[in-house]
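The values are calculated or read from the model by the stated rules, or taken from the named source; none is laboratory data. Note that the coordinates shown come from a computational prediction; the quantities given were computed from them, not determined experimentally. Glycine gets a Cβ as well: all are built from the backbone with ideal geometry, and neighbour counts include every protein chain shown.
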Amino acid sequence: TTKDIAKVTTQTSADLLGNVPGIIVQKSQLGGGSPVLRGMESNRVLLVVDGVRMNNAIYRKGHLQNAITGSPNLLDRTEVVFGPSSVIYGPDALGGV
C-alpha cells in the first residue's frame, strides 16, 4: 500500500521489488532493474501496470533492463503474484506477475 511504500526508502520501483522476499533484482545503469522471480526472468515474468501488460511471452530472452524504472512515489499499490495463482495471466507469467 502507499503507507508501506513510504516506509521503505527506495529510489526506483526496482529497488522496491528488491525488498520483497523471493525476488532478486538484477540492477542496470540509470536506476533500472530486472526482476527475477523463482529463478525466472524476462519472457517468464509478466509486468503489469494498471492492468496493461508491459511485456509478453515473445518479448525477448535475458533481463528486462530498465523495464521498472518508475518512481515508487507514484504508486498506490504494488502486488507480486507467485506460484500457481500467476498462471491465470497466461504462459508468460510462469515465474510470477
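Restricting attention to region 18-33 and to residues that are farther than 19 Å from Asn73 by Cβ and in a strand (DSSP E or B), the residue that is modelled with the lowest pLDDT turns out to be Lys27.
Of all residues in region 38-51, those that are at positive phi have Cβ atoms under 6 Å from Cβ atoms of residues that are surrounded by 14 or more Cβ atoms within 10 Å (Cβ to Cβ) and assigned to a loop (DSSP other than H, G, I, E, B), 6 or more apart or on another chain, in Arg38/Gly95; Ser42/Leu64.
In region 34-45 there is at least one residue matching the filter, namely being β-branched (Val, Ile, Thr), under 19 Å from Asn19 (Cβ atoms) and modelled with pLDDT of 80 or more.
Among the listed residues Asp4, Asp15, which satisfies the condition of being surrounded by 12 or more Cβ atoms within 10 Å (Cβ to Cβ), assigned to a helix (DSSP H, G or I) and among the charged types (D, E, K, R)?
On the way: Asp4 fails: surrounded by 12 or more Cβ atoms within 10 Å (Cβ to Cβ).
It is Asp15.
Residue count for region 18-54, restricted to those that are surrounded by fewer than 18 Cβ atoms within 10 Å (Cβ to Cβ) and touching a helix residue (DSSP H, G or I) at 6+ places or on another chain (Cβ under 6 Å): 0. Can Arg60 be described as at pLDDT 80 or above, touching a Ser or Thr at 6+ places or on another chain (Cβ under 9 Å), more than 12 Å from Val97 (Cα to Cα) and in a loop (DSSP other than H, G, I, E, B)? In short, no.
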